[in-house]
Amino acid sequence: MARLPFPETGTEQNDWIQRLKEQRNGRFGNVFRQIAHSPEGAFTVSQIGVFLRKGIALPAPLRELAILAIARVTECDYEWSHHVAIARRIGVADDKINAVVAGKMDALDETETAVVEYATVVGKTARVDASVIERLREKLSDREVAELAITVGYYSMIARILLPFEVPLDDFVEQLSARETVS
C-alpha cells in the first residue's frame, strides 16, 4: 500500500483524472494516482511522459534502455517492470535488458553502450564528464542527445516519486526486480 493514500473518487480530482485517462489511452497507473492529489501537477507530469513516448526523435529502443538504466540504478522495480514490458514489445532483446542489469555492455552496440552509460552515471551522480557527452554526440544528433537528457531526467524524477511513497505496481504489469536478469 502506498504511504500516501490515493485520492477518493468523486473528489475535485475527477475532471483531471478523466483528462489523464484520455491522455494515457485509458491507462491510469498508480504513479499518477499517487500524485493526483495535485491534479494539475499529475497532468503536467503525464504530458511530459506522453511527449517522450510519442514526440521525440530518439529511437524508442534507446529510450527504453536509458529508462531501464535509471530503474536499475535507483532499484525502482515499478519502473523496471513497466519498461521491461515496453522494451520487449518494441523489440529490445532480453540479452540487452540483462546487460543493463549486469552492467556488462558486451551485448550492446556502441550507441546503446553510450546511452546506458550516460543514464547510469547521471542516475548515480547527476554529472558526467565531457567525454561522455562527446561519445553521445558521435552517435546521436544534438536533438537526440537533448531528448536523452530529458528522458533520463524525467524517469529519475518518476523513480523519486515512486520509491519514497512505496507506490505499488499496477495490476496489469508483471512484477520484476531491477536487480535480477530476465528470461
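The values are calculated or read from the model by the stated rules, or taken from the named source; none is laboratory data. Small disclaimer: the values here were computed from a predicted structure and weren't measured. Cβ atoms come from the backbone with ideal geometry, glycine included; neighbour counts cover every protein chain shown.
Which of the numbered conditions does Gly91 fail, given that it passes all the others? Conditions: (1) at pLDDT 95 or above; (2) within 20 Å of the chain's Cα centre (by Cα); (3) surrounded by 12 or more Cβ atoms within 10 Å (Cβ to Cβ).
So the condition that Gly91 fails would be (3).
When only residues in region 117-144 that are surrounded by 12 or more Cβ atoms within 10 Å (Cβ to Cβ) and aliphatic (A, V, I, L, M) count, which is nearest to Ala66 (Cα to Cα)?
Ala119
Which of the residues spanning region 102-112 are surrounded by fewer than 20 Cβ atoms within 10 Å (Cβ to Cβ) and either under 16 Å from the mean Cα position of the chain (by Cα) or within 18 Å of Thr181 (Cβ to Cβ) (or both)?
So the first thing to find is which residues in region 102-112 are surrounded by fewer than 20 Cβ atoms within 10 Å (Cβ to Cβ), and the list is 102-111.
Listed by number, the residues that qualify are Ala102, Gly103, Lys104, Met105, Asp106, Ala107, Leu108.
Determine which single condition Arg27 fails, assuming it passes every other condition in (1) of a type in the set (D, E, K, R); (2) touching a residue at least 24 places away in the same chain (Cβ under 8 Å); (3) in a helix (DSSP H, G or I).
Just one mismatch for Arg27, condition (3).
Are there any helices (runs of 4 or more DSSP H) wholly within region 101-166 with 1 or more residues that are modelled with pLDDT under 95, of a type in the set (Asp, Glu) and closer than 19 Å to His83 by Cα, and if so which? Give the derivation first.
Values: elements: 110-125, 130-139, 142-165.
Hits in region 101-166: none.
Looking at Ile158 and the list (1) free of Cβ contacts under 8 Å to residues at least 60 places away in the same chain; (2) under 20 Å from Phe28 (Cα atoms), which single condition is not satisfied?
So Ile158 meets the others, but not (1).
Quick check on region 33-62: of everything there that is within 25 Å of Lys96 (Cα to Cα) and part of a loop (DSSP other than H, G, I, E, B), which residue is modelled with the lowest pLDDT?
Gly55
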